C-alpha cells in the first residue's frame, strides 16, 4: 500500500513538474512576443502610393530594428510600395531571429540604370533572419529585357549575400529585370513555398541562382521563367532541391561552370521529386570551354517527372563555346540520373556530351522512361567522352554506346 501511495505521489509530482515547465515555456514565449518590436515602414515615411520611392523608409526601418535591443520585426504592410535600390546591411545587434515581414507588393523602379550595384533588394551580413509574409516583389522587367545581354546584366531582384541561417519563404517574385534571386557566399539557408514567374521569352531571368552557397534546401516551390528555374553555380556544396514545379524555363541546372578563372568546385547536389513542364532542358550540367581546373561531383537527379521537355537528360561541356576551341577542364564525376520519366519533344533526349580533355566518369542512368511526342517519333541516346557509364532498370531510350 505504501509503495502504491509512493508511486501515486511520484506521478502527481511529475505531472506538477510538467505543468510548471510548460507554464515557464509559455511565459517565456509570451515575454518574447511582448518584447518583440515592430518596425513598420509606413512609420518611417513610406507613402505606399506606388509612385513615391519608399526605399529609404525600408532601409531606415531595417536599421532601427537591426540596431535595437529587442527581437525585431520589420514590416512592409499591405499596399503597393515603389522602391529603387534597397540595401539591408548588418551585422545586427538585435536578438535573433530578425524578421522581415513583406505583406504588400513592392514595385521596382523600372529604370535599370538607377541600380548602381545591379541589385534591387540586397540583404547582406545578416545572420539568423526570417524573410516571409506572402507579399510580392515585382521587378517590372518588361521594359528592361530589351537591354539585357551577355555583357549587360540587368539588376537582380533579391540578393541574399554573406549571411547565414536564413529562412526565406512564402514570397512571390514577378518579372525580374535580371535574375529573380541569388544566394551568394552564404550558408545554412532554407527556401520554401516560393512562387517565381516571368514570361518564357524574358532573358536571363533565372529563378534561384546559387554561388558559393553551402547547406541550402530549396523546396515546395513553383518557378516558371525565361531561363533556368534553379541554377547551381561556382563553389556551391551540400544542396538539396526538392518538390519544385518548373516551367516554362530552361530547367534544373548545375552550372554554367568554368566561365571565370577564379571559380571553385561544386559537389553533393541533389534534385529530387521535381516536375518540369514545357522546359528547354530537364536535368542539365553545363560547363564552358577553356575553363579553370574544377570538379563537379556527387550530383543526383532523381524522381523527376517531365512533360514535353526538349532535352531531358543533358551533360553539355561545350556550353557557349563556339569561339573557344580549347576543351573544358571541369571534371564531372559520380553523377546519377535515376527514375526520370515522362514525355519529350527531342529525338535525342539523353545526351552526355563531355570534355575530351577530362572525360566524365562514373555516370549512372537508371530507370529512365521518356516517350516521344510531337515530331519526335522515336528516341535515342548519345554519349561522348564518358568513362565508366553504369546502366540499370528500364531504359527508354536504350543506353548509349560510349
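Checking 401, 327 one by one, the residue that is more than 28 Å from residue 240 (Cα to Cα), modelled with pLDDT of 95 or more and either part of a loop (DSSP other than H, G, I, E, B) or in the same structural domain as residue 286 (by TED's automatic domain parsing) (or both) is 327 and no other.
Under 30 Å from the mean Cα position of the chain (by Cα) and outside any strand (DSSP E or B), is that true of residue 355? Against the criterion (under 30 Å from the mean Cα position of the chain (by Cα) and outside any strand (DSSP E or B)), residue 355 qualifies.
Among the candidates 362, 375, 369, 316, single out the residue that is more than 20 Å from residue 401 (Cα to Cα) and assigned by TED's automatic domain parsing to the domain that holds residue 257.
Values: 362 fails: more than 20 Å from residue 401 (Cα to Cα); 369 fails: more than 20 Å from residue 401 (Cα to Cα); 316 fails: more than 20 Å from residue 401 (Cα to Cα).
Result: 375 is the single residue among 362, 375, 369, 316 that is more than 20 Å from residue 401 (Cα to Cα) and assigned by TED's automatic domain parsing to the domain that holds residue 257.
Screening residue 320 with (1) under 26 Å from the mean Cα position of the chain (by Cα); (2) surrounded by fewer than 16 Cβ atoms within 10 Å (Cβ to Cβ); (3) in a strand (DSSP E or B) gives one miss only, at (3).
When region 111-138 is filtered for residues that are without any contact (Cβ under 8 Å) to a residue 40 or more places away in the chain, farther than 22 Å from residue 37 by Cβ and assigned to a loop (DSSP other than H, G, I, E, B), the ones remaining, listed by number, are 111, 116, 117.
Being over 20 Å from residue 243 (Cβ atoms) and free of Cβ contacts under 8 Å to residues at least 60 places away in the same chain is the filter here; which residues of region 330-343 pass it?
Across region 330-343, the qualifying residues are 331, 332, 333, 334, 335, 343.
Of the set (1) within 28 Å of residue 78 (Cβ to Cβ); (2) surrounded by fewer than 24 Cβ atoms within 10 Å (Cβ to Cβ); (3) touching a strand residue (DSSP E or B) at 6+ places or on another chain (Cβ under 7 Å), all apply to residue 121 but (2).
So, residue 255, is that one in contact (Cβ under 8 Å) with a residue 60 or more places away in the chain and crowded, with 17+ Cβ neighbours inside 10 Å or not?
Numbers: in contact (Cβ under 8 Å) with a residue 60 or more places away in the chain: yes; crowded, with 17+ Cβ neighbours inside 10 Å: yes.
So residue 255 passes the test.
For residue 211, the stated conditions hold: it is at pLDDT 95 or above and surrounded by fewer than 21 Cβ atoms within 10 Å (Cβ to Cβ). In the set 148, 61, 46, only one residue is closer than 18 Å to residue 178 by Cβ and surrounded by 17 or more Cβ atoms within 10 Å (Cβ to Cβ); that residue is 148. Kindly indicate which of 127, 111 is surrounded by fewer than 17 Cβ atoms within 10 Å (Cβ to Cβ) and either closer than 24 Å to residue 198 by Cα or within 20 Å of the chain's Cα centre (by Cα) (or both). Every option except 111 fails the conditions.
The values are calculated or read from the model by the stated rules, or taken from the named source; none is laboratory data. None of these values were measured; they are calculated from a predicted model. Please note: Cβ atoms are built from the backbone with ideal geometry, for glycine as well, and neighbour counts cover all protein chains shown.
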